[in-house]
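Below is one structure, written out as C-alpha cells; the observations come after it.
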Amino acid sequence: VFANALIDLAEAKVDQMSQRLRTDPLRGAHDSYDLAESKLAQAQANVLTLQHKRGVLSTELEASSQMAQISALQTSLQRNQLELAELRDNLRPNPTREAVLVKSIERHHDLIVNLRASLTSDSLGNASLARIDAELNAAQSELQLRQEMVSQTMSLMESARIEVNRQSIYLATSVEPVLPDEAAYPKVFTNVVLAFLGFGGLYLLASLTGAILREQVSGA
C-alpha cells in the first residue's frame with residue numbers, strides 16, 4: 001500500500017512538472033488559429049460589404065454584360081446610320097423619318113459613350129467598373145490569403161498536438177510492488193515489544209516467587 005501510494009505521488013508530481021510543457025505549445029497554436037479565423041471572418045465580411053455597396057457581384061460578369069450592351073448598341077447604330085444614308089440618297093427624303101433617325105443615332109452614340117465611360121471613368125456618385133474591380137480584387141486577395149493562413153495554422157496546431165504527445169513525460173512501472181519475504185517494519189518492533197513484555201513477565205514471576213520463598217523461610 002505504501003509503495004503504491006508513493007508511485008501515485010510520483011506520477012502526480014511528474015504530471016505537474018510536464019503540464020506546462022504540454023499546454024504552452026497547444027495554447028499558442030490555438031491562439032494563432034483563433035486569430036486567423038477571426039481575420040478570415042472579417043475578410044469575408046469586407047467582400048460582402050463591398051459587393052453590397054457597389055451593387056456588383058462579379059466585375060467580370062458586369063463587364064461582359066456591358067460589353068454585350070455596347071455591341072448591341074453599335075449594331076443598332078450602324079443600322080440606323082445605313083438607313084439614314086439610304087434615306088438621304090432619295091431626291092425627296094422624308095424629313096420626319098430623317099429627324100427620327102438622327103435622334104436615334106445621337107441617343108445610341110450617347111449610350112455607347114456612357115457605357116464605355118462607366119468601365120474606366122468615375123461618374124457623379126458612381127465608381128467606375130475598373131475601380132470596383134480593383135477594390136473587389138484586393139478584398140478577394142485578402143480573403144484568399146486569410147483562408148491560406150487558417151489552413152496553415154490548422155496544420156501547425158495538429159503538428160503541435162503530435163509534438164506534445166511525443167514529448168510527454170510519464171512513469172512506467174516495470175515491476176509491480178510485492179510483499180517482502182520478511183517485513184522489516186512493523187513486525188520487528190512488534191517482536192521487540194513482545195520480547196520485552198515476556199521478559200518482564202518472567203522477571204515479575206521470579207521476583208514474586210523469591211519473595212514468597214523468603215517469607216516462608218522467615219516464618220519457619
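A few notes on this one:
- Once all protein chains are placed together, LYS53 keeps about 150 Å² accessible to a 1.4 angstrom probe.
- Of all aspartates and glutamates in the structure, the ones whose alpha carbon falls short of 15 Å from that of LYS103, not counting any fewer than 8 places away in one chain, are GLU83.
- A 1.4 Å probe, protein heavy atoms only, puts the accessible area of VAL175 near 110 Å².
- Where ARG27, ARG214 fall by accessible area, highest first, once all protein chains stay in place (1.4 Å): ARG214, ARG27
- Within the assembled protein chains, the solvent-accessible surface assigned to SER151 is about 70 Å², based on a 1.4 Å probe.
- For the residues PHE189, PHE2, a 1.4 Å probe over the protein chains yields an accessible-area ranking, largest first, of PHE2, PHE189.
- For SER218, SER38, the ranking by accessible surface with the largest value first comes to SER218, SER38, using a 1.4 Å probe.
- Unit Cα scatterers, Debye sum, the range 4-63: log10 I(q)/I(0) for q = 0.20, 0.24 Å⁻¹: -0.83, -0.93
The values are calculated or read from the model by the stated rules, or taken from the named source; none is laboratory data. Computed from a predicted model, the values in this text were never measured in an experiment. Areas reflect the complete protein model, heavy atoms only, side chains present, ligands, DNA and RNA absent. Shrake-Rupley method; radii C 1.70, N 1.55, O 1.52, S 1.80 Å.
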